[in-house]
Amino acid sequence: MVYASDELVEKIDVTIVSSQMPPSKIAKRMTASVSTVGEQMIVGRKVNEVQDNQISYEKLIKEIFDRVLVGYSVQSVDLRPGPSTALTIEIVPWGDVVDEVAVAYDFGTLSPDIVNLIKKDMGNVDEKLNDVLIGLPIDAVDWAGGLSKVAIRELLANQLPEFHANIDIIPGERTLVKLSLSPLGTTVQDVHVSLRSTTIPNVVLAAVRPTMNETSKTLIGLPVAFVERHRDYFTAKLIAEQPLTKKYGITATPLLNAGANTEIALDVETDKYNITLEAYLDMGHDEDNASARLHAGKIVSKRDEVFLEVNFIPSSVSWEFVPGWGHKFGSSMIAGIKYNTSSSQNMLWLSKELSPSWTMRLERNPKNHNNELGLRYKLHDFLSAEYIITKDDQWLRLVGHL
C-alpha cells in the first residue's frame, strides 16, 4: 500500500502469539512492554520511512526482546507499517514450563481455628498464583514472580488488611510458593476473662473458666483490627464451646472488647432455675454474725419462682430451711413470701434493682412487725457490701458470692 509522503505512524497495535501462550497476566505485561518500545521506535515517524526500513526494524525489535523476555525466544517479528501499525511477535518458551504451583503456608503458632478463619479471608490465593505462573517457562519465573507477589499482596490487602504477606517463590516444574503473614498495627498482648451470673453460683461457673481461658489464648498475637472485624465469629465460638450451655440449655452472652489488653465478659443465665450461694460476715452485729445461704429456685412461669433457702449458722452449728415464692414486677423488682420452718414464722420480702451495682432489699415479719432494710453495692463478681437497718440496730455486712 502506498502512503502519502508526509503521513505519520500514529499508533502501534501489538499481538503476542505462541504455540504455548504464556499466562494471560504475563502476556499482557509482554504486550505492554513491546508496545512501549515499539512506540518509541516507530510512532511519529513517516510511514514510508518505516516501510523502507521494515527489515531493519524487525531485526532490531527481535534483538531487543530476545534479551528482555527472559525465558522466551523471539521466533519471528512481523511489522505491517501504516498510520495504525500492526506488530506481531511470535515467541517460544525455553525448556520446561511450570506445570504445577504448590503453596506452603506458614502461620506460626496460630491455632487451627484461627488458621481456617484466615484462609477463608484470604480466598483464592492458589487460583491467583496459578493464573500468573502455570505455563510460564521456569527461567521466566524470577521476573514474573514480582507480578505474582503484587497480585497476591493486592488480593490480601483487600481481604486480609490486618496482615502483611511475605512471599518467596522457588521456580521449578512444580513451583513452590512460600507464604507467611506478619501482623500489622496493634496486636492483642493480654486477655482478661470475667464470668457473671445472677442465677448460677460462681462455683458452677468455675467449670466454664478453663474453656474461656483456653479460647482467650488463641487471641494473643492477633491484630486488634482482625479480632474486631471478626467479633461475631469469636463471640459465637465462646458460646459454642461452653459445656454448661450444651448440657443445661443455659444462655451465655459474651461481650468482647478488643484491644492490646482485650476484655471478655460472659453473662451466663438460665430461665429454668435460680441458684445462688452466698456467705455473710456481719461487722457491728454480734449475734450470729457469720452465716451461709443456698438459694435453690425453680422458675415456674415468666414471673413466678418457687424456692428453698437453706441457711447455715456456724456459731450454733444450726440449719434453717425456708421455702418461699417470688413474683416479678417489671424487670427490676421481685416480691413474695417465705416461711422459716425453724421459727415457724412467715416473712414478706421485696428486692428492687436500682442499677447494675445497687440493690435494695426489704423484709417484714407480719407477726412481730419487725422490718429489715438492706442496701447492697456489688464491688465485683465475687464480693458485695450491704448496709442493713432494723428498728433496733444497723450494721455492715460483707457478702461473698460463692
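The values are calculated or read from the model by the stated rules, or taken from the named source; none is laboratory data. Nothing here was measured: the structure is a model prediction, and the numbers come from that model. Glycine gets a Cβ as well: all are built from the backbone with ideal geometry, and neighbour counts include every protein chain shown. These accessible areas exclude ligands, DNA and RNA; they are computed on the full protein's heavy atoms, side chains included. Shrake-Rupley method; radii C 1.70, N 1.55, O 1.52, S 1.80 Å.
Checking the conditions here, which among 318, 355 is hydroxyl-bearing (Ser, Thr, Tyr), open to solvent by less than 50 Å² (accessible area, probe 1.4 Å) and in contact (Cβ under 8 Å) with a residue 24 or more places away in the chain?
318
Tell me which residues, restricted to region 328-342, are open to solvent by 40 Å² or more (accessible area, probe 1.4 Å), farther than 27 Å from residue 312 by Cβ and either among the polar types (S, T, N, Q) or in a strand (DSSP E or B) (or both).
Answer for region 328-342, where residues must be open to solvent by 40 Å² or more (accessible area, probe 1.4 Å), farther than 27 Å from residue 312 by Cβ and either among the polar types (S, T, N, Q) or in a strand (DSSP E or B) (or both): 328, 329, 331, 333.
Residues in region 67-82: is at least one part of a helix (DSSP H, G or I) and within 30 Å of residue 131 (Cα to Cα)?
Looking for residues that are part of a helix (DSSP H, G or I) and within 30 Å of residue 131 (Cα to Cα), one finds at least one in region 67-82, hence yes.
Give the residue that is most open to solvent (accessible area, probe 1.4 Å), with candidates limited to residues of region 59-96 that are free of Cβ contacts under 8 Å to residues at least 12 places away in the same chain and either aromatic (Phe, Trp, Tyr) or within 17 Å of residue 143 (Cα to Cα) (or both).
By that ranking, first place goes to 67.
Being more than 12 Å from residue 266 (Cβ to Cβ) and either in contact with a strand residue (DSSP E or B) (Cβ under 7 Å, 6 or more places away or on another chain) or open to solvent by 60 Å² or more (accessible area, probe 1.4 Å) (or both) is the filter here; which residues of region 205-224 pass it?
Correct list: 210, 214, 217, 219, 220, 221, 222, 223, 224.
When region 4-34 is examined, which residues are found to be within 13 Å of residue 89 (Cα to Cα), at pLDDT below 85 and of a type in the set (S, T, N, Q)?
18, 19, 31, 33
Search region 2-29 for residues that are farther than 21 Å from residue 41 by Cβ and open to solvent by 40 Å² or more (accessible area, probe 1.4 Å) and pair each with any residue that is modelled with pLDDT under 85 and part of a loop (DSSP other than H, G, I, E, B) when their beta-carbon atoms are under 7 Å apart and the residues are at least 6 apart or on different chains.
Short answer, once both residue conditions are applied: 20/135.
Which one of 363, 386 is more than 23 Å from residue 196 (Cα to Cα), in a strand (DSSP E or B) and of a type in the set (Asp, Glu)?
Result: 363 is the single residue among 363, 386 that is more than 23 Å from residue 196 (Cα to Cα), in a strand (DSSP E or B) and of a type in the set (Asp, Glu).
For region 124-231, which helices (runs of 4 or more DSSP H) that fit wholly inside it have 1 or more residues that are within 16 Å of residue 105 (Cα to Cα) and either modelled with pLDDT under 80 or in contact with a Lys or Arg (Cβ under 9 Å, 6 or more places away or on another chain) (or both)?
125-133, 141-159
Have a look at 52, 99 and point out the one that is open to solvent by 20 Å² or more (accessible area, probe 1.4 Å), touching a strand residue (DSSP E or B) at 6+ places or on another chain (Cβ under 8 Å) and either within 30 Å of residue 152 (Cα to Cα) or of a type in the set (Asp, Glu) (or both).
Result of the check over 52, 99: 99.
Report every pair of residues separated by at least 6 positions or lying on different chains whose Cβ atoms are under 6 Å apart, first residue within region 220-235 and of a type in the set (D, E, K, R), second open to solvent by less than 40 Å² (accessible area, probe 1.4 Å).
228/258; 231/256
Please go through region 293-313 and pick out each residue that is in contact (Cβ under 8 Å) with a residue 24 or more places away in the chain and open to solvent by less than 60 Å² (accessible area, probe 1.4 Å).
Within region 293-313, 297, 299, 304, 305, 307, 309, 313 meet the criteria.
Just name the residue that is modelled with the lowest pLDDT out of those in region 272-284 that are open to solvent by less than 70 Å² (accessible area, probe 1.4 Å), more than 15 Å from residue 314 (Cα to Cα) and out of contact with any helix residue (DSSP H, G or I) (no Cβ under 7 Å at 6 or more places or on another chain).
284
Quick one: which residue in 108, 146 is over 23 Å from residue 230 (Cβ atoms) and open to solvent by 10 Å² or more (accessible area, probe 1.4 Å)?
When all the criteria are applied, what remains is 146.
Taking residue 380, is it open to solvent by 60 Å² or more (accessible area, probe 1.4 Å), out of contact with any Lys or Arg (no Cβ under 7 Å at 6 or more places or on another chain) and farther than 24 Å from residue 202 by Cα?
Spelling it out, it is not the case that residue 380 is open to solvent by 60 Å² or more (accessible area, probe 1.4 Å), out of contact with any Lys or Arg (no Cβ under 7 Å at 6 or more places or on another chain) and farther than 24 Å from residue 202 by Cα.
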